[in-house]
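*Asks:* Please see the structure below; I have some questions.
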Amino acid sequence: MSVVMEEAAGGRRRSVAPMLVGPATILVVLVLVVPMAILFRYSLNQFIPGQFMVEAVTVENYVKFFTDSYYLNVLWTTVQVAVACTVISLTLAFPVAYVLARTTSRYKSLLVILAVFPLMVGNVVRAAGWMVVLGNDGVVNSILRGIGLTAEPIKLLYTPTAVVIGIIAVVLPYMILTLQSVLEGIDYSVEEAALNLGASPSKTFFRIVFPLAMPGVLAGTVLVFILCMNAYATPVLLGGPQFKMMAPALYDQIARSTNWPFGAALAFVLMTTTLTLTILSTVFLQRRIRR
Amino acid sequence: MNVYLARHWRRWTLRAVVLLVYLFILTPVIFIGWISFFSNEIISFPPDGYTLRWFGNVWEQRVFARGFAMSLQVAFLAMLIGVTLGTLASIALVRYRFPGRETINMLLLSPLIVPGIVAGTALYIFFIEIDNYMEWRLQATLEGLVMAHVMLTIPWTVRLVTASLVGIDRSIEDAAMNLGANRWTTFRRVTFPMMRAGLVAAALFSFITSFENLELTLLLVGPGRTTLPIAILQYLEFKVDPTIAAVSFIQIVLIGALMLITDRFVKLSRVV
Amino acid sequence: MSQVSLRNLAKRFGSVAAVDDVTLDVREGELVALLGPSGCGKTTTLRMIAGFIAASSGQILIGDQDVTNLPPYRRNTGMVFQGYALFPHMTVFQNVAFGLEMRKVPRADIAPRVAEALRLVQLGHLGERMPKQLSGGQQQRVALARALVIRPEVFLLDEPLSNLDAKLRLSVRIEIRQLQQALGLTTVFVTHDQEEALTLADRLVVMSQGKVQQIGTPTELYERPANHFVADFIGRSNFLEGTVSAPGHFRTQRGLDVAFADSGAGPRGQGVLAIRPEKATVMPAGTGGEGPNRFPGRVAFVTYLGASTEIRVQLDSGDELTVTRPNAQPVGDFAGDPGGALGMPVVGQPVTVAWPPAAALLLAQPG
C-alpha cells in the first residue's frame, strides 16, 4: 500500500506520515491505553484486607458489585439521573438550537459564545453558583420568603433535584451546540416545501425537521448521556453526603478504601453500562426514524 | 385565526424559551459573581453592602494562590505539548493515506469519550506502579499532571485542526508551488496562515479544558500540589462563603477574558 | 377569468422596497415568467404568492379567494424549489405522497395518484429510491411530480432549471412546457435567463428594482420594449443618445441625423434611440444604393460566431454600432474576397451601415 497519494512530483520521503503521527499516538497509548489495560487486569485481582491486592483471575469483584444492593442502588440512581437529565436537556435545547440555527440576527455569534462560556467556566464553579442559589439562605429561598410564600426555607440544596438541575445546566450547552450544527445543515427550503404542500408548522416539525435532525439528536444524546453518567463535582457538591452516584463511589473506593480491584471493577461496570445504554438508545432512536 | 397573529405568538413563545434557557445556564455564573462582592460573610439576600475584601482574602489563602499557579503551569505546558503533537498528527491524518489511519484517528480522539474519572483512576494506578518498579514518582508532580492533561489537549487539537485542514482548498497550495514556492515555503507562507484559526481555537480549548479539569485530575494531586478547581472543590465540601465566590469569580473572569481575546483573532462562533 | 391576481403588491424590508406596487393578472392555463436580474424582486414576488413572505401591502387572489393573510399551508399552490427541496429522509413515493397525506386524501387513493404523477414525469419505476440515489434531472422530476400531484390552483417554479447542465436544461424546459399545456396549469415561473423565459412563457413580466418594467408577450417585449431597461435586458440593442429634432428625426449627441418611425408616443426632446444589431446591415463603402439612415464608418472589430458574424463599426461621427449578420451563405475567409458580400469584413475596412427607420425605436432616457 502506498503511503502517499496524489503527491506532487519531485519525491518525498515515505516515512513522513509515521513521523508526524508517531509522537501523539505513542503518548496517548502510554497515558490511556496501557493504564486502562492494567486497570482491567486489576479488576480481576483479589482484594484481601490487610494484604492489599493479590494476583488472581477472578470475577468476584464484579459478582460483589451486582449482588450488593448498595452498589446496585448507586448504579440505578446514576442511570435514573442520567436519563432524566438527557431527556430534559434534549427538550430544552431543541428550541434554542433551532432558533440559533435559523436566526439571521447579528446577535447570533454572541448567543453562541454565551452558550459556550459557562461550559468553559468549569463544573466546580457552576456547582458553587447553584449552592448559593439553592441553599437555605440562597436566592430562591430568599425570594420565596421575601414575597411571603414561605416562612421556613424549602430544602432544595442536597437533594436529588438539585443534582438534576445542576447536571442539566452543565450539559445543556453541549446539547445546544451539537443540535445547532446539525440543524444548520438542514436546508430551509425543505421546510418551506412541506408548508407549501399543506403541512402545518407542527406537522412540518415532527415529519420533517425532527427526523432530519436525528443525527444531531443521537450525537447530542450520546454525548450528554456519557457526561451525566460520569458526573462527579455536581453530585458531590449538590447531592449531599447521602446521595451517591457512580463517579464519586469510584473515587471513594480508590482514594479512601484503597480497594483497587473493586474500584477497577466499578470503573468497568460504569463504562460498560454507559456503553450498553448508549448503543441501546441509538438503535431505538434509529428504529424510530426508519418507521 | 389571523395567520400573522399566530406567527407572532409562535415567534415570541420561542424567544421566551430561548431566553429562559439562557438564564438557566447562566444563573450560577451570574450569582457567584454577585456574591463575591457581598460584605456579609454569611451569605444572605439581599446583601448588607458591598466590599472587595474577599479578593484580598483569596490571596492570603495560600492554597488558592498555589493551586492557581499549578493550574496555570499545567494548562500551559499541556497546551504547548498537545497542540504541537496534535497538529503534526493532524497534518498526517488529513494529507496522507497510510495503513491504520482511521484507527489512529479514533485512538487520538478516544480520550474525549473515556470518562475522566475512569481514565484518572487508571492513570493513578499506573503512576503508582511505575513508582513501585522504577522509582520514578509521577503522582502529585507537575510532570505527572502535564502527562495526564496532554490526554485532554491532543484530542481537542486533532478535532479542531483536522477540521480546519480539511477546509483548505488544495489548489491554493498547488498555486503556490506553481508560482515557484517549495514545499516548506508553501507550508510556511500559505498552509500555515490558513490553518491559523484552527490552531488558535485548539490552543484556547486545550488551555481551558486543562485548566478547568476536575475528574481526570482528582486522583493525581496531593497535599500542597493541587490544582485550582480541586482546591475550590475541597473548600466547597466544607463551606460556601464570599471567599470561595471570589476565587470562582477570578476563574470566570480569567476564562472570559481568554475567550474575548481569542475571539478577536478567530470568530469563536464559527469554530465550535 | 384570471386565476392569480396581484393587486398593488409590495414588500418592504425596512426602508427598502424589495417589491414595489406590482399588479399582475395571470389567466387560467397561462404560463407567466417573472424575469429580471438578481435582486429585482421576482423571487420575493413568487414567495409572496406561495405565502412564505407576508406582503407589506396589496392583495393576492388565487381563484376567487383572497389569500393575502393565509399561511403557506392553507394556500393550494404547488411549488418547485430552486434546489428541489426534496425530503432527504423519504423515498420518492413518500415525497410525492406527502402533500396528499396533508390533505387527508384516503390511503387507498394516494397510491394510484402518486403512481399517476410519477408516470407523468416518466419516473414510474423509481418510487422506492431515495432522493440521493437519483440524478439531478430525476430529482427535478420528482419535485415536479410532488408539486403536481396535489392538483394545485397555481403552479410555482423558482428557477427550476438553474441546477441542471446545459443540455438537460433544454429537454426539461420542453417537458415542463408540454406538461403545463397538457394539464392546463396556471403557472408562475421565475428565471433570470431571458432565453428560457422567451421560449417558455405565454407572457413575461420584466422586473427591475422591485418594479414591473413591462408585461407582454415575447414578441411585444422584443419588438416594442417599453423602456431602455427592457430594450437592454431582453436581447441586445445599440443605444444612441440625443434629441428629437423634428417629428421622425433624431439628432445624436455626435451629430448624426437619424430617421425613425415616429408614432408620436415617444418622448420629445431628450431621448434614446434603440437599434437591434440584426436589424441593421453593413456593406462595403460605396455599395448598396441610396436610402435613409446610411452612415459611413470603419470596421473596428469582427467576431465570427458560426451562425452569424458580429461586426462592430466605428461611425465617422464617432458613434459606435454593433451589427450582426446571419451567415446564410458559405462564408469566405480573409484571403478570398475581402470586403465582398460573402466575405468576412476586415478591421479598418471602410463600410456603410444602414437600417430602416422602423428599426429605430425612440425611448425615454434611462433614469
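The values are calculated or read from the model by the stated rules, or taken from the named source; none is laboratory data. No experiment lies behind these values; they were computed from the predicted model shown. Here Cβ is always computed from backbone atoms with ideal geometry, including for glycine, and neighbour counts include all displayed protein chains. Remember, those area values only see protein heavy atoms, side chains included, never the ligands or the DNA or RNA. Shrake-Rupley method; radii C 1.70, N 1.55, O 1.52, S 1.80 Å.
*Asks:* In the full protein assembly as shown, how much of B:Thr103 is accessible to a 1.4 Å probe, in Å² to the nearest 10?
*Replies:* Counting only protein heavy atoms, the figure is 100 Å².
*Asks:* Quick one: if the Förster radius is 30 Å, what FRET efficiency do C:Glu310 and C:Gln82 give, using the C-beta to C-beta distance and rounding to 0.05?
*Replies:* 0.40
*Asks:* For chain B, just the Cα atoms, rotate onto the principal axes and tell me the three extents in Å, largest first.
*Replies:* Cα extents, longest axis first: 78, 72, 33 Å.
*Asks:* In whole Hz and in residue order, list the ³J(HN,Hα) couplings for region B:184-199 that follow from phi through the Karplus curve 6.51 cos²θ - 1.76 cosθ + 1.60, θ = phi - 60°; x for Gly and Pro.
*Replies:* In residue order, the calculated couplings are 5, 4, 4, 5, 5, 8, 10, 5, 4, x, 6, 8, 4, 4, x, 5 Hz.
*Asks:* Using only the Cα atoms of region C:1-140, construct the convex hull and provide its projected area averaged over every direction, in square nanometres to one decimal.
*Replies:* Averaging across all directions leaves 10.2 nm² for the Cα convex hull.
*Asks:* Using only the Cα atoms of the protein assembly as shown, construct the convex hull and provide its projected area averaged over every direction, in square nanometres to one decimal.
*Replies:* 54.2
*Asks:* Please give the length that would be gained between A:Ile26 and A:Ser257 if that part of the chain were fully extended, namely 0.36 nm times their separation in residues minus their C-alpha to C-alpha distance (nm, one decimal). Could you put the intermediate results ahead of the total?
*Replies:* Details: separation 231, 0.36 × 231 = 83.16 nm, distance 3.26 nm.
Length difference between fully extended and current span is 79.9 nm.
*Asks:* Follow-up. Could you please put C:Ile174, B:Ile81 in sequence from largest to smallest accessible area, using a 1.4 Å probe?
*Replies:* So the residues, ranked largest to smallest area, are C:Ile174, B:Ile81.
*Asks:* On each of the three principal axes of the Cα atoms of region B:1-155, give max minus min coordinate, whole Å, ordered largest first.
*Replies:* 69, 55, 25
*Asks:* Taking Cα centroids, how far is region B:185-248 from region B:120-180 in Å?
*Replies:* Each part's Cα centre sits 15 Å from the other's.
*Asks:* Return the distance in nm (one decimal) between the two label points of a simple spin-label model at C:Asp232 and A:Val34, each offset 7 Å from Cα along Cα→Cβ.
*Replies:* 7.5
*Asks:* Got a sec? What order do C:Lys279, C:Lys11, B:Lys267 fall in by accessible area at 1.4 Å, biggest, i.e. largest, first?
*Replies:* In descending accessible area the options line up as B:Lys267, C:Lys279, C:Lys11.
*Asks:* Would you mind calculating the relative contact order of chain C from Cα pairs under 8 angstrom and at least 6 residues apart, reporting the percent as a whole number?
*Replies:* Details: 773 pairs, mean separation 57.2, N = 367.
After rounding, I find 16 percent.
*Asks:* Follow-up question, since we're still on this one. R0 = 45 Å: FRET efficiency of A:Leu110 with C:Glu278, Cβ-based, nearest 0.05?
*Replies:* Details: r = 58 Å, r/R0 = 1.28.
Using R0 = 45 Å, I get an efficiency of 0.20.
*Asks:* Moving on to the next point. If you roll a 1.4 angstrom probe over the protein chains with everything in place, what fraction of the accessible area of chain C belongs to carbon and sulfur, to the nearest %?
*Replies:* Whole-percent figure for carbon plus sulfur exposure: 52.
*Asks:* Let me test this: with uniform point scatterers at the alpha carbons of region B:111-175, what is the Debye-based log₁₀ I(q)/I(0) at q = 0.12, 0.14 1/Å?
*Replies:* -0.47, -0.56
*Asks:* OK, next. Along Cα→Cβ, 7 Å out, is where each label goes; now give me the distance between the ones at B:Glu60 and A:Leu280 in nm to one decimal.
*Replies:* 5.5
*Asks:* Could you tell me the center-to-center distance, by alpha carbons, between region A:146-175 and region C:23-75 in angstrom?
*Replies:* For region A:146-175 versus region C:23-75, the Cα centre distance is 52 Å.
*Asks:* Within region B:95-112, find all residues whose amide N lies under 18 Å from a label point positioned 7 Å from the Cα of B:Phe187 along Cα-to-beta-carbon.
*Replies:* B:95-98
*Asks:* While we're here: Would you kindly compute the Cα radius of gyration of region A:146-277 and its largest Cα-Cα separation (Dmax), both in Å?
*Replies:* 21.2, 66
*Asks:* Choose one answer from A:Thr258, A:Thr104, A:Thr25: the residue with the largest mean-square fluctuation in a GNM of chain A with alpha-carbon springs under 10 Å.
*Replies:* A:Thr25
*Asks:* Using amide H atoms built 1.01 Å from N in the peptide plane, name the residues 5+ places from C:Thr309, or on other chains, whose amide H lies under 5 Å from its own.
*Replies:* Amide H neighbours of C:Thr309: C:Arg325, C:Asn327.
*Asks:* Would you calculate the separation in nanometres between label points at B:Tyr50 and B:Arg10, each defined as 7 Å from the Cα along the Cα-to-beta-carbon direction?
*Replies:* Roughly 4.4 nm, to one decimal.
*Asks:* Keeping all protein chains in the complex and leaving out DNA, RNA and ligands, what accessible area do you get for A:Trp76 with a 1.4 Å probe, in Å² to the nearest 10?
*Replies:* Roll a 1.4 Å probe over it and A:Trp76 shows about 150 Å².
*Asks:* Also, quick follow-up: Could you state how much accessible area is buried at the A-B interface, both sides summed, with a 1.4 Å probe, in Å² to the nearest 100?
*Replies:* Numbers: alone 17430 and 16680 Å², together 26660 Å².
Roughly 7400 Å² of accessible surface disappears when A and B pair.
*Asks:* Then there is this: Keeping every protein chain present and rolling a 1.4 Å probe, give me the accessible area per residue for the protein assembly as shown in Å².
*Replies:* That works out to 45 Å² per residue.
*Asks:* Using alpha carbon centroids, what distance separates region A:80-140 and region C:280-331, in Å?
*Replies:* Using only Cα atoms, the two centres lie 74 Å from each other.
*Asks:* Taking every residue in A:232-238, how many Cβ atoms of other protein chains lie within 10 Å of its Cβ, on average? Kindly include the intermediate steps, with their values, before the conclusion.
*Replies:* Numbers: counts 9, 8, 0, 0, 4, 5, 1.
Other-chain Cβ atoms within 10 Å of each residue's Cβ, averaged: 4.
*Asks:* Right, next: When 1/r is averaged over all different Cα pairs and the result inverted, which Kirkwood radius in Å belongs to chain C?
*Replies:* The answer is 23.4 Å.
*Asks:* Report ³J(HN,Hα) in whole Hz for each residue of region A:225-236, in order, from the Karplus equation J = 6.51 cos²θ - 1.76 cosθ + 1.60 where θ = phi - 60°; Gly and Pro get x.
*Replies:* 4, 4, 4, 5, 4, 9, 4, 10, 4, 4, x, 5
*Asks:* May I pose another question? Beyond 29 Å between alpha-carbons counts as too far, so tell me which of C:Lys132/C:Lys167; C:Lys42/C:Lys167; C:Lys104/C:Lys167; C:Lys11/C:Lys167 fall in that bin.
*Replies:* On the way: C:Lys132/C:Lys167 22 Å; C:Lys42/C:Lys167 25 Å; C:Lys104/C:Lys167 39 Å; C:Lys11/C:Lys167 36 Å.
C:Lys104/C:Lys167; C:Lys11/C:Lys167, as the Cα separations exceed 29 Å there.
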